[in-house]
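The values are calculated or read from the model by the stated rules, or taken from the named source; none is laboratory data. Keep in mind that this is a model prediction, so the values were computed, not measured. Note that we place each Cβ from the backbone using ideal geometry, even for glycine, and neighbour counts take in every protein chain shown.
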Amino acid sequence: MARNPQLVKSVAHALDILDQFTPETPSLSLADLTRRLYLSKSAIYHLLATLESRGYVKRNHSNGKYSLGLKLFQLGSLGVSMSGLSEVVIPYLTQLRDTAGETIHLGVVYKESILYVAKVESLQTIRMSSRIGGTSPLYCTGVGKVLLANQSLDFIESLLAKPLKRFTSNTIIEPSALREELTRIRAQGYALDREEHEPHVRCVAAPLRDHTGTVVAAISVSGPDIRMTEEKMASLVPQVLKTALVISQQMGFSATQTNASSLW
């Protein structure tokens, strides 16, 4: 392949390294990469060290192998918001809004928060104060908990190691309790927010998966507690899961495939 003289070689080599990680080869050793690339072992080592320092790859210290880091997932999640996904899913979100009668949100991971990239407002008189482009915590919102539950253990433990702000009396801030909540969410496939971030606001949320099975975003139905009773939330779970599955299938996900995003 002809080389473009305008390319920066070190950047191109770093991208060549990242390209070696695939669903079939999710982790590779320094020796593996040396065999695959026309670069010296020393050059690859220094490139890996740079990529690791910026979070683009991570090293398993027990076996010395490298895998893709969370920085790429964060950038990919942000890329979802910029790639037109919100425009593609708006008809589905609108349909869900009309069925549920409440506000619908679409969010992605951004650093240690969720970024709202789409919103379909409820037609009710009492509405949500959230806005597109706004952020909320991962650990105490419906969309956030679904996304957090599908992050790596390293990401989760890093977040739990920091002091977590209590927004309401229902906010889960104890690490052990939050771990149990995230385990439950992964097992059941959806999250409930029972006034954990905002008083009198409840929601039901479910993940969106891409063609690899990776969770790249999440949707939720949110409303005031006077309308979002426990019975109402329970009735909304199948609707939210169905909408999330339809949108995921639009992104190439197959309900029969193995979840490639299982990181625990």
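Looking across the range 209-252, just one residue is in a loop (DSSP other than H, G, I, E, B) and either surrounded by 24 or more Cβ atoms within 10 Å (Cβ to Cβ) or touching a Cys at 6+ places or on another chain (Cβ under 6 Å) (or both), and that is Met228. When you look at Val146, is it within 12 Å of the chain's Cα centre (by Cα), buried (at least 24 other Cβ atoms within 10 Å of the Cβ) and at pLDDT below 90, yes or no? When the stated conditions are applied, Val146 does not pass them. Within the range 175-208, restricting attention to residues that are of a type outside the set (Phe, Trp, Tyr) and part of a loop (DSSP other than H, G, I, E, B), the residue that is surrounded by the most Cβ atoms within 10 Å (Cβ to Cβ) is Glu196. With respect to the conditions (1) assigned to a loop (DSSP other than H, G, I, E, B); (2) out of contact with any Asp or Glu (no Cβ under 6 Å at 6 or more places or on another chain); (3) at pLDDT 95 or above, Thr168 lacks only one, and its number is (2). When the test is whether a residue is assigned to a loop (DSSP other than H, G, I, E, B) and either farther than 19 Å from Ile90 by Cα or in contact with an Asp or Glu (Cβ under 6 Å, 6 or more places away or on another chain) (or both), Thr256 passes it. Evaluate the range 150-169: report whether one residue or more is out of contact with any helix residue (DSSP H, G or I) (no Cβ under 8 Å at 6 or more places or on another chain), within 21 Å of Tyr110 (Cβ to Cβ) and touching a residue at least 60 places away in the same chain (Cβ under 8 Å). Looking for residues that are out of contact with any helix residue (DSSP H, G or I) (no Cβ under 8 Å at 6 or more places or on another chain), within 21 Å of Tyr110 (Cβ to Cβ) and touching a residue at least 60 places away in the same chain (Cβ under 8 Å), one finds at least one in the range 150-169, hence yes.
Annotation: of all residues in the range 37-69 being touching a helix residue (DSSP H, G or I) at 6+ places or on another chain (Cβ under 9 Å) and in a helix (DSSP H, G or I), the one that is nearest to Thr214 (Cα to Cα) is Leu51.
For the range 149-165, taking the residues that are of a type in the set (Gly, Ala, Ser) and in a loop (DSSP other than H, G, I, E, B), the one that is modelled with the highest pLDDT is identified as Ala161. Of the residues making up the range 22-53, those that are at pLDDT below 90 and within 18 Å of Lys71 (Cα to Cα) are Thr22, Pro23, Pro26.
Among the residues of the range 19-36, the ones that are assigned to a helix (DSSP H, G or I) and either within 22 Å of the chain's Cα centre (by Cα) or of a type outside the set (Gly, Ala, Ser) (or both) come to 7 in all. Out of Val11, Val80, one residue alone is modelled with pLDDT under 75 and among the β-branched types (Val, Ile, Thr). It is Val80.
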